[in-house]
1. Between D640 and E101, what is 0.36 nm times their sequence separation minus the Cα-Cα distance? Round to one decimal in nm.
2. Tell me which of N577, N604, F635 sits at the most positive position along the dipole axis of the range 566-639, charges placed on C-beta atoms (Lys, Arg +1; Asp, Glu -1).
3. Could you state the accessible area per residue of the chain in Å², with a 1.4 Å probe and every protein chain left in place?
4. Could you sort K184, K414 by their accessible area in this structure, using a 1.4 Å probe and putting the largest first?
5. For the range 196-265, taking Cα atoms only, what is the radius of gyration to one decimal and the Dmax to the nearest whole Å?
6. Contact order normalised by length for the range 219-342, with contacts defined as Cα pairs under 8 Å and 6 or more residues apart; what percent is it?
7. So if I place +1 on the C-beta of Lys and Arg and -1 on the C-beta of Asp and Glu, and nothing else carries charge, what would the dipole magnitude of the range 192-275 be about its Cα centre? I want it in debye, nearest 20.
8. How long are the semi-axes of the ellipsoid equivalent to the chain, from square roots of 5 times the Cα gyration tensor eigenvalues, in whole Å, largest first?
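The values are calculated or read from the model by the stated rules, or taken from the named source; none is laboratory data. Only a predicted model underlies this, so the values are computations on that prediction, with no experimental measurement involved. Every residue, glycine among them, receives a Cβ derived from its backbone with ideal geometry; neighbour counts consider all protein chains shown. Each accessible area value is taken on the protein alone, full model and side chains, heavy atoms only, with ligands, DNA and RNA left out. Shrake-Rupley method; radii C 1.70, N 1.55, O 1.52, S 1.80 Å.
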Amino acid sequence: MAHAIGTITRPTAGLMVAMPDPGAACFSSFEGLRASKPVQQMVFLACNQASSSADPSTFLQIQSVATPVKPPTTMPPKRSKVEIIKEHSNYLRYPLREELETEAPNVNEDAVQLIKFHGSYQQDNRELRGPGHKAYQFMLRTKNPSGKVPNRLYLVMDDLADQFGIGTLRLTTRQTFQLHGVLKQNLKTVMSTIIKNMGSTLGACGDLNRNVLAPAAPYNGRKEYIYAQETAEKLAALLAPQGGAYYDLWVDGEKAMSAESPDVIEALNDNSHGTNFEGSPEPIYGIQFLPRKFKIAVTVPTDNSVDVLTNDVGLVTICDDDGELQGFDIFVGGGMGRTHRMEATFPRLAEPLGYVPKEDILYAVKAIVATQRDYGRRDDRRMSRMKYLLDDWGIEKFRLVVEQYYGKPFQPFKELPPWKFQSYLGWHEQGDGRLFFGIHVENGRIKGETKKALRRVIEKYELNVRITPNQNIILCDIRPSWRSRITKALAGVGLLSPRFVDPLHLSAMACPALPLCPLAIAEAERGAPDILQRIRDMFERVGLRASDSLVVRVTGCPNGCARPYMAELGLVGDGPNSYQIWLGGSPNQTRLAETFMERVKLQNLEAVLEPLFHLWRRERQTGEAFGDFTHKLGFAVLKDYIDSYKGSNK
């Protein structure tokens, strides 16, 4: 394999690699360039025809990869413990099947890792622990591409929450349900019920492609939205595990009936460029699956309801003047997770990779997944997301490697208009004579009288449902004559039209955090309402209007599930009742926030935030958002103002 490859030339004699000059940017030990067998034969024919005096290192030896393999090394690569568990699991079966059959309330550590792929996390309710024992329970997460939830599935999830959970449904930032509090002996009953009622949890967690996002709005008259949602569903099918363990464990091998589109089946089976493991039950993932989680979002130009730049892959539909789909712009390398005080980990925005015509999108995404599968780090899980591969290689090398799996070069990225955050709250026309109603759900938690009222409305009017990436819910297919009755029924339990809700709450998000998440070190969902009220009180003290708002996101740990690093004001738990404060994200979620202060105690938020709100009110330009204002001034100016602040004089 040639080293320090700078440019590739294709002379008439064959494929040759020009050695870079000392001033050229180059790659060190380029491992990723691959080709199919006909190209390999052409290369070596060219090498044989070349002058015998030529330096053989000037020729690129391209490896044929019917089954992708890493270049050989003298020492076996170091791998994390989870990689060994996956390898020995018989494609996600062992020892999970055996552990589920024991009388213990929990499963062992190997099975804990495997059950994630099936859509569940083992948790321990810290507030229910007793002396010498933990309060084990399981969280289940569904998989709903585009956030689509059929009427029947919603009613089943509502029932399961009462019968086997803690009586609540949690809407997530990836357009899925989370069902908390399921005991081990009830897992199979709950899983099988979901599967048999048009649902799935397969791949909602684990080292594979997670739920695919798309704008939740049910615009039946706008083609670009239909294309985005259809593409999300096809990608979810393409990248779902194929090995059968999910159905073996939860429905005794009875696979749910599904009619995958022919283009998905064709793309799944295609191995023209070494993307597949021939003969494997998992043709794309193999026995090792991916190094870490993988996230995809599909959207339309201007609509950033999906936080498109925070995903491993972000796709944007490109349509012609008649609204017909032509192809997709592709962003790569986004991701939120990080580790406190470990500077090698960081949130990252996706960057443009290129454009592909519509008929190639499944193959292009599959090529990206194969690249991460073969070259993502498997030794340190904190560094295994694809964003670190992009950061290490750079976009040019990454593109060259992906193109070998894709089989052709990417076309230039199409110019896009500015992004805008869309919530789809309130009443809207679907475009088919019916309406949809977007409802704000505080931190995505459906509970109590709110849960009962939603159930009554959804059941009575036989409504389908969509979950948004902002933890809200959309009721679909509403006849105009039902509007006033539905509005009244939901308003009675506090589910109001957005004009009656504090705008701070409409854009805020928080992760579940304590007491169930094992990674949480501070409150998030339970603490967010009080934090938002304190911010509103600060607004009033400094003279800001009731209509003034900003994007606030709260997480109990640095993993970033509520995407706090995109917020205008992000609070990231870094200890008990303590938070990092992140500032400077843009209101349309296109700029990363930065760490402003660390270890700020919850009781001291006013001392930090009130001066900033006062300065914003006093010196902002007309219409200038808080995130744009803090980003413009810089943190040194902001900290000086905090130090000199003497209180507000409205």
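1. Computed gain between D640 and E101 is 187.9 nm.
2. Most positive-ward Cα: F635.
3. I get 41 Å² per residue for this part.
4. K414, K184
5. For the range 196-265, the Cα radius of gyration and maximum Cα-Cα distance read 13.8, 41 Å.
6. Details: 142 pairs, mean separation 26.5, N = 124.
It rounds to 21 percent for the range 219-342.
7. Numbers: 6 positive and 11 negative charges, 67 e Å.
Charge dipole, the range 192-275, about its Cα centre: 320 debye, nearest 20.
8. Values: eigenvalues 343, 192, 133 Å².
Listed largest to smallest, the semi-axes of the chain are 41, 31, 26 Å.
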